[in-house]
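*Asks:* Sending over a structure as C-alpha cells; questions will come in a sec.
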Amino acid sequence: MALEEAAFRLKLIPTATSQTPVAVNCAVVHVAQGTGYIDFGFLEPQTIVGVTEALRAGEKPPEEVEAKHLLRLAMSPQAMRQLVRQINDVLTMVGSLKAEEIK
C-alpha cells in the first residue's frame with residue numbers, strides 16, 4: 001500500500017484560533033512552485049444578489065468582484081488529492097442521503 005493511500009483516523013486538537021468559526025462562500029485554487037494554494041473568502045450576500053440579478057437581467061457580468069480574503073491553505077499535491085477524495089466521499093454520502101429521503 002502506498003503511503004498516500006494509507007487510511008487512519010486523524011484527531012485534530014483544537015487551538016484558540018481553530019475554535020473561531022469562519023464563514024466562507026467562495027474559494028480560488030492555484031499552484032505555484034509545486035505547492036497547491038486554496039484561498040477562501042467571503043462575498044457579502046448583497047454582492048451575490050446584485051451579481052445574480054444582473055445576470056438574470058441579461059447584463060454582462062462584472063470583470064471583478066471583491067471578497068474578503070479569510071484564509072490561505074498551502075498543500076502538497078498529495079494532500080490536495082486526499083482532500084478531493086474526502087470531499088467527493090462526503091458529497092456522495094450526502095447525495096445518497098437525499099436520494100433515500102425522497103423514497
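*Asks:* Where the Cα atoms of the range 30-103 are projected onto their three principal axes, how long is each span, largest first, in whole Å?
*Replies:* 48, 39, 20
*Asks:* Now for a separate question. Let me make sure I get this right: for the range 1-67, a, b and c are the square roots of the gyration tensor eigenvalues over alpha carbons, sorted descending. Under 1.5 in a/c it's rounded, otherwise prolate if a/b > b/c, else oblate. Which is it? Intermediate values should be presented prior to the final figure.
*Replies:* On the way: a/c = 2.97, a/b = 1.89, b/c = 1.57.
Judged from the Cα gyration tensor, the range 1-67 comes out prolate (a/c at least 1.5, a/b above b/c).
*Asks:* Compute the acute angle (0 to 90°) between the alpha-carbon long axis of helix 77-102 and the principal axis of greatest extent of the alpha-carbon atoms of the chain; round to the nearest 10°.
*Replies:* Result, in degrees: 70.
*Asks:* If you take the charge dipole of the chain about its Cα centre, with +1 on Lys and Arg Cβ and -1 on Asp and Glu Cβ, which of Phe42, Val65, Gly95 is farthest toward its positive end?
*Replies:* After comparing all options, I get Gly95.
*Asks:* Then there's this: Taking R0 as 25 Å, what's the FRET efficiency between Gln33 and Leu71 from their Cβ-Cβ distance, rounded to 0.05? Spell out each step's value before the answer.
*Replies:* Details: r = 20 Å, r/R0 = 0.80.
Taking R0 as 25 Å, the efficiency between Gln33 and Leu71 is 0.80.
*Asks:* To test your reading of the geometry: what angle, between 0 and 90 degrees and rounded to tens, separates the Cα axis of helix 45-56 from the longest principal axis of the chain?
*Replies:* With rounding to tens, the tilt is 60 degrees.
*Asks:* Another one. Compute the FRET efficiency between Arg81 and Ile48 as 1/(1 + (r/R0)^6), taking r as their Cβ-Cβ distance and R0 = 25 Å, and round to the nearest 0.05.
*Replies:* Numbers: r = 30 Å, r/R0 = 1.20.
Between Arg81 and Ile48 the formula returns 0.25.
Only the coordinates and a few stated rules stand behind these numbers; no lab work does. None of the values given here were measured: they were computed from a predicted structure. A quick note on method: Cβ atoms are made from the backbone with ideal geometry, for glycine too, and the neighbour counts reach across all protein chains shown.
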